[in-house]
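First comes the structure, then the notes that go with it.
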Amino acid sequence: MELDKMERRLKMNKQELLVTLILASRVGLLGNVPKNLRAIRADIDLEKMNVDWINYYEDQPTDEEIEALDSATGQVIAHFPAFFLNQSHVHYPYPKEFDNKMDTWIFMRWEDDLNDQRK
């Protein structure tokens with residue numbers, strides 16, 4: 001039975017896999033988003049069979065923050081048993097801006113209030 005699920009998942013196209021990634025991420029992130037987290041970008045590399053996941057932090061992430069997001073990504077990657085998780089944690093302080101090209105943004109915090117507070 002599990003083999004059938006895996007075979008069906010491999011036959012999905014990239015768009016279908018990204019939808020699965022986004023939905024799985026919503027569940028995995030519940031209760032696991034630290035205040036220090038600015039954004040998460042993810043992508044699926046079908047050639048390398050990777051889920052690339054980048055966490056962007058305001059300050060250097062603590063061990064507890066990394067552990068919380070490891071828990072979230074563990075739940076996400078469970079939906080992709082044939083894929084390898086390539087996760088990175090990046091210090092990306094405000095006010096650095098993100099390029100919002102057509103990437104898959106899993107999470108991005110609202111920063112307007114930060115703009116007002118820091119002026």
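Read the figures in this text as sums done on the coordinates, not as results from a lab. Everything numeric in this text was worked out from a predicted model, so none of it was measured. Glycine also receives a Cβ, built like all others from the backbone with ideal geometry; neighbour counts cover every protein chain displayed.
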* Asked: Using the 10 angstrom Cβ neighbour count as an exposure proxy, how do 110, 53, 105 rank, fewest first?
  -> 110, 105, 53
* To do: Would you please give the FRET efficiency between residue 82 and residue 43, computed as 1/(1 + (r/R0)^6) with r the Cβ-Cβ distance and R0 = 22 Å, to the nearest 0.05?
  => 0.85
* To do: Average the reciprocal distances over every distinct pair of alpha-carbons in region 22-119, invert the result, and give the Kirkwood radius in Å.
  => 14.1 Å
* In this model, which of 14/96; 14/35; 35/101 are farther than 26 Å apart at the alpha-carbon? -> 14/96; 14/35
* Whole-Hz couplings from phi, Karplus 6.51/-1.76/1.60, listed for region 26-41; x for Gly and Pro -> 4, 6, x, 7, 4, x, 10, 9, x, 4, 6, 6, 8, 6, 9, 10
* Structure fact -> Assertion target for 19, 76, 33, ordered by fewest C-beta neighbours within 10 angstrom first, is 19, 33, 76
* Residue order, fewest to most surrounding Cβ atoms within 10 angstrom, among 80, 107 -> 107, 80
